[in-house]
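The values are calculated or read from the model by the stated rules, or taken from the named source; none is laboratory data. The structure displayed is predicted, hence computed values, not measured ones. Cβ sites come from the backbone with ideal geometry, for glycine too, and all protein chains shown count toward neighbours.
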Amino acid sequence: MGNCRVDQCQGLTEKVTGNLSLSETDGIPLAGTSRWSELSDQERLNQNFHAYKIFSTYLRLYLNNVPDCGQYPRLPDSIMELYTQTESFVVLISQLTMAMGLPVPSVRVPNVDTPKDWDRKVWGHHLLVELSNWSLRSVRDFSKLKTNLSSNRARRNQLR
């Protein structure tokens, strides 16, 4: 998001948010999993698709309720850019899923009431932090997927 520091704009710091915990009930998908190495390629794709579909929806909701931040006038544009990139990633994941002959999962986005004031700031902060965590996980997931696909291709070539 460029030079825009959403946490500062929203008045949030690690000191303020450090004790807050995020749970699935907040509707924001968590990137962490204790069984990452056990996931199949399809599970990885499905989880990434699910997460980014929800992030896309929530970023759109957040865009409609961006806090006024005169100190960072580019914040709405930065959030819009992030939304567009997230939406594009959803399309790419669905195309990859179909190219692999797998069904594109349906996603039920949890209903979230538009948070007000402080809650909106905390929710927006958690949304962006967890989106950042997902981007790191996705790099790992797609690296693993690439390795698996390369191995499968090599095995097929040996069988010929």
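The condition of being part of a helix (DSSP H, G or I) and farther than 22 Å from Ile54 by Cβ holds for Thr147. With respect to (1) at pLDDT 85 or above; (2) crowded, with 19+ Cβ neighbours inside 10 Å, the lone exception for Leu12 is condition (1).
Tell me, yes or no, whether segment 93-101 has at least one residue that is within 13 Å of the chain's Cα centre (by Cα) and at negative phi. Can you show your working first?
Here is the first cut: in segment 93-101, the ones within 13 Å of the chain's Cα centre (by Cα) are 93.
From what's left, at negative phi: 93.
For segment 93-101, residues within 13 Å of the chain's Cα centre (by Cα) and at negative phi: present.
State whether the residues of segment 64-83 include one that is touching a residue at least 60 places away in the same chain (Cβ under 8 Å) and under 15 Å from Ile28 (Cβ atoms). Within segment 64-83, one or more residues are touching a residue at least 60 places away in the same chain (Cβ under 8 Å) and under 15 Å from Ile28 (Cβ atoms). Taking the conditions (1) surrounded by fewer than 13 Cβ atoms within 10 Å (Cβ to Cβ); (2) assigned to a helix (DSSP H, G or I) in turn, Leu82 satisfies each one other than (1). Selection of segment 100-111 for residues being more than 13 Å from Asp41 (Cα to Cα) and exposed (fewer than 13 other Cβ atoms within 10 Å of the Cβ) yields Ser106, Arg108, Asn111. With respect to (1) aromatic (Phe, Trp, Tyr); (2) farther than 14 Å from Met80 by Cα; (3) out of contact with any Ser or Thr (no Cβ under 9 Å at 6 or more places or on another chain), the lone exception for Phe49 is condition (3). Answer with yes or no whether Asn133 is part of a helix (DSSP H, G or I) and free of Cβ contacts under 8 Å to residues at least 24 places away in the same chain. When the stated conditions are applied, Asn133 does not pass them. For the residues Tyr52, Tyr62, the requirement of being touching a helix residue (DSSP H, G or I) at 6+ places or on another chain (Cβ under 8 Å), surrounded by 20 or more Cβ atoms within 10 Å (Cβ to Cβ) and under 20 Å from Val139 (Cα atoms) singles out Tyr52.
Among the numbered conditions (1) part of a helix (DSSP H, G or I); (2) closer than 13 Å to Asn48 by Cα, the only one that Leu127 does not meet is (2). For Asn152, the conditions (1) closer than 16 Å to Val90 by Cβ; (2) surrounded by 11 or more Cβ atoms within 10 Å (Cβ to Cβ) all hold with the exception of (1). The set of residues in segment 67-79 being buried (at least 18 other Cβ atoms within 10 Å of the Cβ) and touching a Leu at 6+ places or on another chain (Cβ under 8 Å) consists of Ile79 alone.
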